[in-house]
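K.L.:
So that we are looking at the same thing, I have put the structure below in structure tokens.
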Ligand SMILES: [Zn+2]
């Protein structure tokens, strides 16, 4: 089982951990704790390096498997052994761009729901770019400009972003969480992580976010597309 450091502190860039398992065929190691985000909820996984006994391996991919996080080591150096102390270092430039992008998408989601009552049906991101699908019947250029102005006003409000881990029962009492389909969470999950942009948006979410919307930057809504009668897709870029 891997302790997920990124869940409680998304700003951890370097960390020490022990290797608890080595998967030779996959060239992957499982650590007892990690700050590497394994991907999920539209946010891609982190990259970086893992240094063990003076040898630095590229971390080429990270994936969650049950309660473990697998770190796939690139290159062809022989793999480290179980029990070795290691130091993980994130590609922080990429991760921080993803944090800004992820928070920007929540600002978008919260603003569009507040102003138009439109629910999100999906989303995806890469560093400084993202898209989000809404249940929205009509979308046109003027509306896109209006949404863009509103999201930038919200981001500029310096709204705090708060992360909490709540018991399932408590989370299910929060009416705002229902609209982000918290009711679809598998029954076995006893704790729910919530990400709140204070005064704007509250979601059950596993991703990494900035502490304050003033870190996001300028949000551009660069395109929009119809994905069926009631689904509209907005594309954003962050400057
Ligand atoms: Zn999210």
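FYI, it's all coordinate maths here, none of it is from the lab. Every value quoted in this text rests on a predicted model; they were computed, and no experiment measured them. Counting neighbours? That spans all protein chains shown, and the Cβs are built from the backbone with ideal geometry, glycine included.
K.L.:
Where the centre of each part is set by its Cα atoms, how far does the range 183-228 sit from the range 1-76, in angstrom?
P.N.:
Cα centres, the range 183-228 to the range 1-76: 23 Å.
K.L.:
Could you sort the peptides 107-116, 138-147 by per-residue average Cβ neighbour count (10 Å cutoff), highest mean leading?
P.N.:
The most tightly packed comes first, giving 107-116, 138-147.
K.L.:
For every helix of n ≥ 4 consecutive DSSP H residues, a contribution of -39,500 (n - 2.57) applies; sum these over the chain, divide by its total residues, and give [θ] at 222 nm rounded to the nearest 500 deg cm²/dmol.
P.N.:
-7000 deg cm²/dmol
K.L.:
Here's something else I'd like to know. Students often get this wrong: which residues of the range 1-41 have the backbone nitrogen under 11 Å from the point 7 angstrom along Cα-to-C-beta of residue 65?
P.N.:
Inside the label zone: 21-30.
K.L.:
Using only Cα atoms, tell me the angle between helix 92-116 and the longest principal axis of the chain; keep it within 0 to 90° and round to the nearest 10.
P.N.:
Its long axis makes an angle of about 30 degrees.
K.L.:
Of 126, 26, 148, which has the largest mean-square fluctuation in a 10 Å C-alpha GNM of the chain?
P.N.:
Of 126, 26, 148, the Gaussian network model singles out 26 as fluctuating most.
K.L.:
Would you mind putting 42-48, 61-67, 78-84, 155-161 in packing order, based on average other-beta-carbon counts within 10 Å, highest first?
P.N.:
With the highest mean Cβ count within 10 Å placed first, the list reads 42-48, 155-161, 61-67, 78-84.
K.L.:
I would also like to ask the following. Considering the chain as a Gaussian network with a 10 Å cut-off on Cα pairs, which listed residue, 29, 69, 55, attains the greatest mean-square fluctuation?
P.N.:
55
K.L.:
Sticking with this structure for a sec: Can you tell me which of 174, 189, 197 moves the most in a GNM of the chain? Springs connect C-alpha atoms under 10 Å apart.
P.N.:
Highest fluctuation of the listed residues: 189.
K.L.:
Restricting to Cα pairs below 8 Å that are 6+ residues apart, what does the relative contact order work out to for the range 50-138? Please round to a whole percent.
P.N.:
21
K.L.:
If you average the sequence gap of Cα pairs under 8 Å that are 6 or more apart and divide by the length of the chain, what percent do you get for the contact order?
P.N.:
It rounds to 20 percent for the chain.
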